[in-house]
Amino acid sequence: VGIIRFSGINMLVMEQLAGIEYFQLKNIEIVGCKVTDRASIKKRAQLDYSKSILTIDEEIIAERVVEDPWISSTTIDIRWPDGIEIHVKEHSPEAIISLGDGEAKSLYYISNRGLPFSRVSSGDELDYPVITGLSTAEEIEQDAELKKDVFTFLKQVSRNNPRLPSQAISEIHI
């Protein structure tokens, strides 16, 4: 009974503190955006200036932010008494992969781990080698040796070796 009473008191105190303007969110900082835009991350995080810093759940915010296909990871730092800093790490595309059959083919950016993470849209950067000849992402994921060979080759190309310049590679057909 004593623990329950103490817990109830703690909740009442937290509710009272959360209502104090001193703890009201005034500064939202988003760090690490190159491709993604800060406004969309803020919207995805569902943060607004009416929230109290005491009611913010960092795990929930992180889960919401990494739903963006370009975000590979995020960390949330509370800046007392009235700020939050969201650090994002974006995927870095290594190539574009063409997936699907016939008319249903789509292009996706693929990370250095071999995972497609975002569909290529009109106006997106296209200056990457295109991996063709696969129907599904699982084909490259399930063949460890093929995956290793493709990404070792891409790593060699990215070093801009004069014998293998990156601008000379436009397609890798598997």
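The values are calculated or read from the model by the stated rules, or taken from the named source; none is laboratory data. The structure presented is a predicted model; accordingly, all values stated were derived computationally and were not measured. With ideal geometry, Cβ positions are generated from the backbone for all residues, glycine too; neighbour counts draw on all protein chains shown. Areas reflect the complete protein model, heavy atoms only, side chains present, ligands, DNA and RNA absent. Shrake-Rupley method; radii C 1.70, N 1.55, O 1.52, S 1.80 Å.
Which of ALA144, ALA104, ALA18 ends up with the largest GNM mean-square fluctuation for the chain, with Cα atoms connected below 10 Å? For the chain, modelled as a Gaussian network with Cα springs under 10 Å, the answer is ALA104. Look at the alpha carbon pairs under 8 Å that are at least 6 residues apart: their mean separation over the length of the chain gives a relative contact order of 16 percent. Accessible surface of TYR128, taken over heavy atoms with a 1.4 Å probe and every protein chain present, rounds to 60 Å².
Close amide H pairs (under 5 Å, H built 1.01 Å from N) link SER118 with TYR109, residues at least 5 positions away or on another chain. Placing a pseudo-label 7 Å from each Cα along the Cα-to-Cβ vector at ASP82 and ILE20 gives an inter-label distance of 1.3 nm. For the pair LYS34 and GLU125 in one chain, pulling the backbone fully straight at 0.36 nm per residue adds 31.5 nm over the alpha carbon distance. When Rg and the Kirkwood Rh are both derived from Cα coordinates, the Rg/Rh ratio for the chain amounts to 1.17.
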